[in-house]
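To start, the structure itself, in structure tokens.
The values are calculated or read from the model by the stated rules, or taken from the named source; none is laboratory data. Every value quoted in this text rests on a predicted model; they were computed, and no experiment measured them. Cβ coordinates were reconstructed from backbone atoms using ideal geometry, including for glycine residues, and neighbour counts include every protein chain displayed.
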Amino acid sequence: MSSETYYAALFTEQVEVAFDELVQASGLTAEEIVELVEHGVIAPVSAPPTPLPISAWRFSATTIAVGRRASRLKADFDLNVSGLALALTFLERIEALEEELNRLRCGLLR
């Protein structure tokens with residue numbers, strides 16, 4: 001299996017990573033990840049009714065890509081966490097709209 005295939009297999013919704021693994025893989029600090037959770041940009045996977053300590057949070061592996069993007073935005077544009085949250089939200093919305101537009105275009109080509 002090539003490394004690209006391996007990484008693509010890791011970044012799925014079904015695979016989970018621990019909080020510490022997300023910190024290490026994303027390039028963000030633990031505090032920044034907590035703040036992004038507080039802003040609603042990322043979310044731990046189905047938390048039980050009782051709150052878990054932050055160190056016990058688990059995330060979908062796809063969150064690593066969001067964390068890496070946040071890390072690049074932070075480095076490139078010197079954004080604080082509020083700015084990161086806004087930029088990530090807008091980028092996610094733009095991608096969703098582009099996907100919808102592509103689906104509509106494909107429907108019109110039939």
> Taking region 38-71, which residues are without any contact (Cβ under 8 Å) to a residue 24 or more places away in the chain and not in a loop (DSSP other than H, G, I, E, B)?
Replying inline: 38, 69
> Within region 90-110, how many residues turn out to be among the hydrophobic types (A, V, I, L, M, F, W, C), part of a helix (DSSP H, G or I) and over 27 Å from residue 38 (Cβ atoms)?
Replying inline: 4
> Just checking, which of 30, 43, 65, 47 is surrounded by 10 or more Cβ atoms within 10 Å (Cβ to Cβ) and modelled with pLDDT of 95 or more?
Replying inline: 30
>> Condition check: more than 20 Å from residue 14 (Cα to Cα) and either modelled with pLDDT of 95 or more or surrounded by 10 or more Cβ atoms within 10 Å (Cβ to Cβ) (or both). Does residue 81 satisfy that?
In response: yes
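What tally of residues in region 76-89 results from selecting those that are part of a helix (DSSP H, G or I) and either among the basic types (Lys, Arg) or under 17 Å from residue 38 (Cα atoms) (or both)?
Qualifying residue count, region 76-89: 9.
Which of the following residues is without any contact (Cβ under 8 Å) to a residue 12 or more places away in the chain, touching a helix residue (DSSP H, G or I) at 6+ places or on another chain (Cβ under 7 Å) and not β-branched (Val, Ile, Thr): 101, 108, 97, 79?
Numbers: 101 fails: touching a helix residue (DSSP H, G or I) at 6+ places or on another chain (Cβ under 7 Å); 108 fails: touching a helix residue (DSSP H, G or I) at 6+ places or on another chain (Cβ under 7 Å); 97 fails: touching a helix residue (DSSP H, G or I) at 6+ places or on another chain (Cβ under 7 Å).
It is 79.
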>> Could you go through region 67-82 and let me know if any residue there is within 13 Å of the chain's Cα centre (by Cα) and within 15 Å of residue 16 (Cβ to Cβ).
In response: yes
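Does region 27-79 hold any residues that are among the polar types (S, T, N, Q) and under 17 Å from residue 92 (Cα atoms), and which are they?
As a first pass, look at region 27-79 and keep what is among the polar types (S, T, N, Q): 29, 46, 50, 55, 60, 62-63, 71.
Correct list: 60, 62, 63, 71.
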